1. Give me VAL57, VAL112 sorted ascending by neighbouring Cβ count inside 10 Å, so fewest comes first.
2. Would you mind ranking THR51, THR65, THR87 so that the residue whose beta carbon has the fewest other beta carbons within 10 Å leads the list?
Amino acid sequence: MITLRPPLPRRQPFPVANTMAIEQNEIEKIAELARIRIAPDQIGQVTARITEILGMVDQLQAVDTTDVEPMANPLDAIQRLRADEVTEENRREAFQAIAPAVENGLYLVPRVVE
């Protein structure tokens with residue numbers, strides 16, 4: 001059962017005039033498909049909140065991003081990388097020596113899919 005918290009106070013409401021409309025029956029169908037139980041008295045609140053979320057998505061999609069470079073990290077952080085060096089010796093021969101079945105350097109396993 002989903003329990004809704006009271007809405008947080010907002011300084012400025014998001015415009016919902018141009019948003020994709022969502023109806024209560026669609027919310028009920030989505031909840032059924034997702035196996036989510038929503039109390040009948042809360043369907044209106046859920047519909048209103050999802051409409052607000054869709055309004056925010058529309059607002060984000062309306063922003064012109066043609067000259068914006070994609071970022072890998074919003075903080076312009078650079079990940080320190082270690083040197084690409086071999087740190088362990090090759091123990092393949094030792095591992096394959098104790099394997100139940102090996103052929104041409106490959107481990108043989110029982111067939112599980114016909």
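Quick note: the coordinates plus some simple rules give every number you see, no bench work behind them. What you see is a predicted model, and the numbers here were worked out from it, not measured in a lab. When we count neighbours, we look across all protein chains shown, and the Cβ atoms used for this are built from the backbone with ideal geometry, even at glycine.
1. Details: VAL57 13, VAL112 5.
Least crowded to most crowded, the residues run VAL112, VAL57.
2. Working: THR51 17, THR65 9, THR87 6.
Ranking THR51, THR65, THR87 by Cβ neighbours within 10 Å, fewest first, gives THR87, THR65, THR51.
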